[in-house]
Amino acid sequence: MLGRTLREVSAALKQGQVTPTELCRKCLSLIKKTKYLNAYITVSEEVALKQAEESEKRYKAGQSLGDLDGIPLAVKDNFSTSGIETTCASNMLKGYVPPYNATVVQKLLDQGALLMGKTNLDEFAMGSGSTDGVFGPVKNPWSYSKQHRERRPQDERDGSYWLITGGSSGGSAAAVAAFTCFAALGSDTGGSTRNPAAHCGLVGFKPTYGLVSRHGLIPLVNSMDVPGIFTRCIDDTAIMLDVLAGHDPKDSTTVQDPIKPFRIPSEMDVSRLCIGIPKEYLVPELSSEIRSLWSQAADLFESEGAKVIEVSLPHTCYSIVCYHVLCTSEVASNMARFDGLQYGHRSGTDVSTEALYAATRREGFNDVVRGRILSGNFFLLKENYENYFIKAQKVRRLIVRDFMNVFDSGVDVLLTPTTLSEAMPHLEFVKEDNRTRSAQDDIFTQPVNMAGLPAVNVPVALSNQGLPIGLQLIGRAFCDQQLLTVAKWLEKQVQFPVIQLQDLMDDGSLVLENGKLTSVSLTQ
């Protein structure tokens, strides 16, 4: 049951094949068995069981609230949850219990979803490995999969070897990939949902900026942050988006227009599509396997009659530097609220207010967060403001215009890699510092955040190492439905295999009903 899609489980609940409480207990039991993945910071067992009980009453009375009623979900620990600790994986917010729910969390609860817990991340969502939070790194479930173990050298099979999930929403990705919930919320500022989705073999969706409310998402970069969605298939993403999208009076950046329901047709005529392949994304650092899968995916579209053309986004080479300046500047501004006076950690120093501020922030933030605050404040200094912040804003406008020009020329969707390589072993990943890794890992994902466009990671195949590889589809602003429709077509063509974790579980029944290794039409 846990290996089914959200839509299938929803149908099973409606038909009475399983009750919300049974489903909730199965997920809780699996969360305990997979504790070593470190996917969750807080497991809200009592809350989830109480919600399951309520859901069960509704089903018995024939008053189900919709597709999400009784479905176990997880939420990244930078979304405010009323009565449940929200830490952002930082000492600064340890013990902080918000008095309200983020809008997206409230919308899920209003539909009867069960909140299994809060998932792990890089501290304040700054990172691309989910290795820098105060609660320790998240382990990628694929490290323990049958597919990867079979292709791994014998000397790498000891306990110190495991793969990163990507970040910063690695906990949410691991939670969905290990079947402990059916979907999860992440956040995406520069690729924090798509990157871990690519490394964990999931669909990771970043909606158009303004389509989904940010109220209650603890801000990193207000002009780029969006809530992201992790699921195991595109149909499930559409179900989640249908619930989450729409105007929120508490977030002035959300779109005012009424939103039509997100319905993804089962068939699509791709021959009418024009697919753009940005030439600037073919960088020397891109792994040969991903390059080959990228061109095979383009061939797939072409073989079905789609027009596939090379396009240019000329300012791409400046985007990562531009992103760094804008990101750190907004971070410096946002992090000013953590002063030890209002909420969160407070140092014991009482020499002066200035000393209290300094000690609180030194104790509360890790080196990564402090480093970004320092960079951002440097760019915002009076003498640097014009040369850095204003210049970066101008370059951002040029990057936005690049995308607009391509879409205005008749391109419907862009097809690009999501990451430079497959998931990396942890010991390899930590050889480089956080800033270097983030610059490398966000290269294909952050331009989309600066332009506010929708993008989705679609898992397409396993590498020679038996690890997931994903490709990214980028759509026009507010054409999220068209983007997901194209993504569903690609998903159907590639038949990405199900992760096989049975060796690891006490209970072999986790292997899915349809979990035989499906044929993968994209091969090396």
*From the set of residues in region 331-365 that are in contact with a Gly (Cβ under 6 Å, 6 or more places away or on another chain) and outside any loop (DSSP other than H, G, I, E, B), which is nearest to Ala125 (Cα to Cα)?*
Val331
*Val212: touching a Pro at 6+ places or on another chain (Cβ under 9 Å), modelled with pLDDT of 95 or more and buried (at least 24 other Cβ atoms within 10 Å of the Cβ), yes or no?*
yes
*asked:* Quick check on region 154-169. Is at least one of its residues open to solvent by less than 10 Å² (accessible area, probe 1.4 Å) and either over 30 Å from Ser329 (Cβ atoms) or part of a helix (DSSP H, G or I) (or both)?
replied: yes
*Count - residues of region 138-153 that are part of a loop (DSSP other than H, G, I, E, B) and crowded, with 24+ Cβ neighbours inside 10 Å*: 3
*Quick one: count up the residues across region 425-458 that are crowded, with 22+ Cβ neighbours inside 10 Å and either among the basic types (Lys, Arg) or more than 25 Å from Arg397 (Cα to Cα) (or both).*
2
*asked:* Tally up the residues in region 402-458 that are in contact with a Lys or Arg (Cβ under 6 Å, 6 or more places away or on another chain) and part of a helix (DSSP H, G or I), please.
replied: 2
*Please give the number of the condition Asp257 fails out of (1) under 23 Å from the mean Cα position of the chain (by Cα); (2) open to solvent by 50 Å² or more (accessible area, probe 1.4 Å).*
(1)
*Evaluate region 345-361: report whether one residue or more is touching a Pro at 6+ places or on another chain (Cβ under 8 Å), crowded, with 16+ Cβ neighbours inside 10 Å and in contact (Cβ under 8 Å) with a residue 60 or more places away in the chain.*
no
_Looking at region 103-119 only, could you name the residues that are buried (at least 24 other Cβ atoms within 10 Å of the Cβ) and either outside any helix (DSSP H, G or I) or without any contact (Cβ under 8 Å) to a residue 40 or more places away in the chain (or both)?_
Ala113, Leu114, Met116, Gly117, Lys118, Thr119
_The conditions are (1) among the hydrophobic types (A, V, I, L, M, F, W, C); (2) open to solvent by 10 Å² or more (accessible area, probe 1.4 Å); (3) at pLDDT 95 or above, and Met268 fails exactly one of them. Which is it?_
(3)
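The values are calculated or read from the model by the stated rules, or taken from the named source; none is laboratory data. Keep in mind it's a predicted model, so treat the numbers as computed, not measured. Backbone-built Cβ (ideal geometry, glycine too); neighbour counts: all protein chains shown. Only protein heavy atoms, including side chains, enter the accessible area calculation; ligands, DNA and RNA are left aside. Shrake-Rupley method; radii C 1.70, N 1.55, O 1.52, S 1.80 Å.
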